[in-house]
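A.B. asks: One structure follows; several queries about it will come next.
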Amino acid sequence: MRQRSASSTKRNFWSHLTLCGIIVLGAVVCLTGPRNAYSFVLLPPPPSQGMPLSIDLPTETFNSLGRGVTSFSLLAEGAASAWNDIGVGLSPDHAFFTKSTPRQRDPCAGIDGINTVTFSKTNCGLGWGDVLGITIRRWFEGNNVFEADVLFNDTAQWDAYSGPIQLFVTIGQVDDFTRTALHEFGHALGLGHPPGAPGQSAPAIMKSKSTDVDSLQPDDRDGAHAILYVRPTRDFRIDVTPESQTIRPGSTAEFVLSATATLQPGIQAIDLLSLTGTCPPNATCAFDSLELTNATPVTYKVTTTAATPIGQYPQRIVGIGGGVTRLTTAALTISAEVEEALARVFVTVEDDQGEPIPQARIRVKHQVTKEKIKGVSDENGEYVSPLINPADYKVICKQAGFAKVKEVITLAAGDEQTVNCILDPIAAEE
Ligand SMILES: [Zn+2]
């Protein structure tokens, strides 16, 4: 459900107070000024001429609804008007949201040119969980169509009231429709969640978790006024360090992802929130954050078990920003042998005159397992062992006509030791 079509899709979640975290898919450009906390959704901003909303919500009257309003449709219109009242863009003097004739369209079906606002029993086929609403932003670069659809959780307890979140012993939480609509419409016009999780300290209707804030706050206003009706620069790159790793089954590989992005003035960072890797069997793969900025790298961690099959596992890491996708790859090899954890011995063989002895027989014998590695010296009297486990080894150099030489060495992980065998000639009567 991450990518709903060829276009880029952004889904934002306005969650209950009790929700432990938020899920944001898509990309957000953050303004990291000293005072402001607002952020932008990194899709092209909506059209400067505004966004007609097709509000497909009940118009029946409810005596119980607060705020002096009697229908959900009117509550939604009020939320849209609140954004219009503070204004959107650098010249905040025009009505950004307008009202169009309600048309019943499936907001989950893809781009249809209608900005649908509706209740939905499901979160586009998924369970709602604790999520109260989502905004799906879509954009097709080809025909430059921008669309934002807003869905409200039809299974939630809705009402309308100002002030603190209302919790009732008998029926649980009652959700204020207006503040949820304000939040989702903020996404529709291009605002993201203020960065700085988990604190999100600025009071804002755009915070991802419900708060006692029941109306647009200065931070929301500043964010709306900072919306630029130009497409964000979408040039960015994701780099992975290291590009390849070899680990043993049961070990962990960590790749550090960094972003390089060139963005429009005033925007200092890019968030790349949709990242996926190809996880080897019997392994867990996780990012420590889904927000990758120019300043803050993300660690991608693959933790294998001893049962992870030996093999090559290319890691495909996808970043989405500004309606474009960037794929970067890293190579992960699960191997029983890991070079860095192994050791090697170099052997030189020469006679007592310092002349190299080629074709000398070399034995490298594990002192515990008694396993032997056999080899011969080359024309320069040199021999290089394969990578071997760190342990104590006896190195034996033999050549006909010479007394053999033995030396015991201790190889630690990563060691490369040299053993110089100087062979003395022996009497021929042997
Ligand atoms: Zn949200």
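A.B. asks: Residue by residue through segment 113-118, what is 3J(HN,Hα) from phi via Karplus (6.51 cos²θ - 1.76 cosθ + 1.60, θ = phi - 60°)? Round to whole Hz and write x for glycine and proline.
C.D. replies: Using θ = phi - 60°, the values come out as x, 10, 8, 7, 10, 7 Hz.
A.B. asks: Something else about it: Once amide H atoms are built 1.01 Å from N in the peptide plane, which residues 5 or more positions from Ala403, or in another chain, come under 5 Å H to H?
C.D. replies: Asp424, Ile426
A.B. asks: Starting from the amide H of Gln173, placed 1.01 Å from N in the peptide plane, find each other amide H under 5 Å away whose residue is 5 or more places distant or on another chain.
C.D. replies: Those qualifying (amide H under 5 Å, at least 5 residues apart or on another chain) are Phe168.
A.B. asks: Taking the solvent-accessible surface of protein heavy atoms with a 1.4 Å probe, what is the per residue accessible area of segment 339-423 in Å²?
C.D. replies: 55
A.B. asks: Could you compute the net charge surrounding Asn153? Neighbours are other residues with a C-beta less than 10 Å from the C-beta of Asn153; K and R count +1, D and E count -1.
C.D. replies: -2
A.B. asks: So, by mean Cβ neighbours within 10 angstrom, what's the order for 103-114, 355-366 with the highest one leading?
C.D. replies: Descending packing order for the listed peptides: 355-366, 103-114.
A.B. asks: Within 12 Å, Cβ to Cβ, of Leu327, how many net charges do the neighbouring residues add up to if Lys/Arg are +1 and Asp/Glu are -1?
C.D. replies: It works out to a net charge of +3.
A.B. asks: I need the peptides 218-227, 118-127 ranked by packing, meaning the mean over residues of other C-beta atoms within 10 angstrom, with the highest value on top.
C.D. replies: The densest-packed peptide leads the list: 218-227, 118-127.
A.B. asks: Ignoring any ligand, DNA or RNA, what whole percent of the accessible area of segment 376-430 comes from carbon and sulfur when the probe is 1.4 angstrom?
C.D. replies: 47
A.B. asks: Residues with amide H under 5 Å of Met51's amide H, sequence separation 5 or more or different chain, H placed in the peptide plane at 1.01 Å from N; which?
C.D. replies: Phe97, Thr98
A.B. asks: Can you give the net charge of the other residues whose Cβ lies under 9 Å from the Cβ of Arg105, counting K and R as +1 and D and E as -1?
C.D. replies: -3
The values are calculated or read from the model by the stated rules, or taken from the named source; none is laboratory data. Note that this is a predicted model, so its numbers are computed, not measured. Glycine also receives a Cβ, built like all others from the backbone with ideal geometry; neighbour counts cover every protein chain displayed. Surface areas here come from the heavy atoms of the whole protein model, side chains and all, with no ligands, DNA or RNA. Shrake-Rupley method; radii C 1.70, N 1.55, O 1.52, S 1.80 Å.
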